[in-house]
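Structure record follows, encoded as structure tokens.
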Amino acid sequence: MTQYWLAKSEPDVYSIDQLQKDGSTGWEGVRNYQARNSLRAMKKGDLLLFYHSNAEPSGLAGVARIKKEAFPDLSALDPKSEYHDPKATAEDPRWSSVEVEFVETFARVIPLTELKADPALAGLEVARKGSRLSVTPVSEAHFHYLVKLGRKG
DNA sequence: GCCAACGTTGGC
DNA sequence: GCCAACGTTGGC
């Protein structure tokens, strides 16, 4: 059964356009346990809404697919990485990563203001006030609704 | 730059 | 185990 997810990325760091160019990428740098647990629950073939945070505007930019299920996020072990975690060890890297592949870029970014204002999206985690979780599950109904919205342009 | 809403750390 | 202090995320 396909599961649906949402993950945030700052487009200045990694955007959906970059993912399209790269084809696929390792989703690194998640340093929050709840978000990490979502990464670990992802299955190959699951679909992911790509959210641009700290952007103009912030909002949903497209869709990606899980290509490879969770594996250790080795950037946590690299002292030169901005994602370095001094508590991570080779025996217990603590953090996880998944490989995601590009699926589509929306005809437009669906801005956060719109997500918050839409009664059909009640309960969507990213639209909750003060939501900081960078990886969250999304219901199937919300996912399909949002893809339709994004394709409309 | 401000600040709300967290999560994490560490003293006790 | 409690909780204050601190750090981070991310909208605005």
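The values are calculated or read from the model by the stated rules, or taken from the named source; none is laboratory data. This is a predicted model, so every value here is computed, not measured. Every residue, glycine among them, receives a Cβ derived from its backbone with ideal geometry; neighbour counts consider all protein chains shown.
Of all residues in the stretch A:126-150, which are at pLDDT 95 or above and among the basic types (Lys, Arg)?
A:Lys148
Which members of the stretch A:125-140 meet the condition of being more than 15 Å from A:Val63 (Cα to Cα) and either more than 16 Å from DNA strand B (Cβ to nearest atom) or crowded, with 21+ Cβ neighbours inside 10 Å (or both)?
Scanning the stretch A:125-140 gives A:Val126, A:Ser134.
Given the options A:Ser15, A:Ser9, name the one that is of a type in the set (S, T, N, Q), surrounded by 14 or more Cβ atoms within 10 Å (Cβ to Cβ) and under 24 Å from A:Ala88 (Cα atoms).
Matching residue, one of A:Ser15, A:Ser9: A:Ser9.
A:Ala88: in a helix (DSSP H, G or I), buried (at least 16 other Cβ atoms within 10 Å of the Cβ), within 16 Å of DNA strand B (Cβ to nearest atom) and at pLDDT below 95, yes or no?
Numbers: in a helix (DSSP H, G or I): no; buried (at least 16 other Cβ atoms within 10 Å of the Cβ): yes; within 16 Å of DNA strand B (Cβ to nearest atom): yes; at pLDDT below 95: yes.
Judged against the criteria, A:Ala88 is not a match.
Filter the stretch A:91-132 for residues that are under 15 Å from the mean Cα position of the chain (by Cα), part of a loop (DSSP other than H, G, I, E, B) and closer than 15 Å to A:Tyr4 by Cβ and give the result.
If the condition is that a residue be under 15 Å from the mean Cα position of the chain (by Cα), part of a loop (DSSP other than H, G, I, E, B) and closer than 15 Å to A:Tyr4 by Cβ, then A:Leu124 is the only one that fits.
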